[in-house]
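Notes for the one structure printed next.
The values are calculated or read from the model by the stated rules, or taken from the named source; none is laboratory data. This structure is a prediction, so every number in the text was calculated from the model and none was measured. Here the Cβ is made from the backbone with ideal geometry for all residues, glycine too, and neighbour counts use every protein chain on show. Accessible surface is based on the protein model in full, side chains and every heavy atom, while ligands, DNA and RNA are left aside. Shrake-Rupley method; radii C 1.70, N 1.55, O 1.52, S 1.80 Å.
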Amino acid sequence: MDPTDRAPITALVLLNPRARGGRGARRWGRVAGALAGELSPSVVELDEAGAWEGSVRAALGEGIRDFVAAGGDGTVSALVDCLYRAPSRPALAALRLGAVGLGSSNDFHKPGLRRVAGVPVRLRRSPGALRDVCLARYLDREGALRERCFVVSASLGLTAEGNARFNRRAG
């Protein structure tokens, strides 16, 4: 999403307000203001119940092809997995994924971080770099077969989940 083009990009933004220890929403507010001429977002908050997934599927049905994960690597992974599993999605190559790094590490943004209001941002209007999309199949604790789609360099969000568990016990 190149800022030299004039018309703002219409995108669904998946916001994780709990990113970076609960500071995600405040950080998003600073970035959203700075990107006002570049991005026209429809913001949906990540929730544990998964209601946000219906919004992603609805956006696909409405022809939205630009999606932005505003959170950490776990948010990127959750959005990619949802897009992959959407029953009526177009080919993955027809979708563009951007990210606003509200998390702690934000590996998806590396290398070549662009910073907006002090936050790493990966947005591009032109066709972006192709990424390897992977599918992991695994057995959960109960022995049920599960699968999860993720993008190389964005992890599965395991580090973020581990940090959240550690912080819940420490607090």
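Values computed for the structure shown
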read-out: Some residue of the range 44-52 being over 20 Å from Gly33 (Cβ atoms) and surrounded by 16 or more Cβ atoms within 10 Å (Cβ to Cβ); value: yes
read-out: The range 12-40, subset assigned to a strand (DSSP E or B) and modelled with pLDDT under 95, residue farthest from Gly63 (Cα to Cα); value: Leu39
read-out: Pairs where the first residue, in the range 88-104, is farther than 12 Å from Val76 by Cα and of a type outside the set (D, E, K, R) and the second is modelled with pLDDT of 90 or more and part of a loop (DSSP other than H, G, I, E, B), C-beta under 8 Å, 6+ apart; value: Pro90/Arg65; Ala94/Arg65; Leu95/Arg65
read-out: Search result, residues across the range 1-55 that are within 14 Å of Asp66 (Cβ to Cβ) and charged (D, E, K, R); value: Asp2, Asp5, Glu38
read-out: Selection from the range 35-52 of residues that are of a type in the set (Asp, Glu) and touching a residue at least 24 places away in the same chain (Cβ under 8 Å); value: Glu38, Glu45
read-out: Only one of Ala51, Ala25, Ala69, Ala78 that is more than 18 Å from Phe108 (Cβ to Cβ), of a type outside the set (D, E, K, R) and in contact with a helix residue (DSSP H, G or I) (Cβ under 9 Å, 6 or more places away or on another chain); value: Ala25
read-out: Cβ pairs under 6 Å, 6+ apart, first in the range 15-34 and more than 17 Å from Val76 (Cα to Cα) and open to solvent by 30 Å² or more (accessible area, probe 1.4 Å), second outside any loop (DSSP other than H, G, I, E, B) and of a type outside the set (Phe, Trp, Tyr); value: Ala34/Val116
read-out: Meets criteria (buried (at least 18 other Cβ atoms within 10 Å of the Cβ) and within 25 Å of Ala136 (Cα to Cα)) for Leu12; value: no
read-out: Pairs where the first residue, in the range 53-81, is farther than 22 Å from Gly101 by Cα and modelled with pLDDT under 95 and the second is part of a helix (DSSP H, G or I) and not acidic (Asp, Glu), C-beta under 6 Å, 6+ apart; value: none
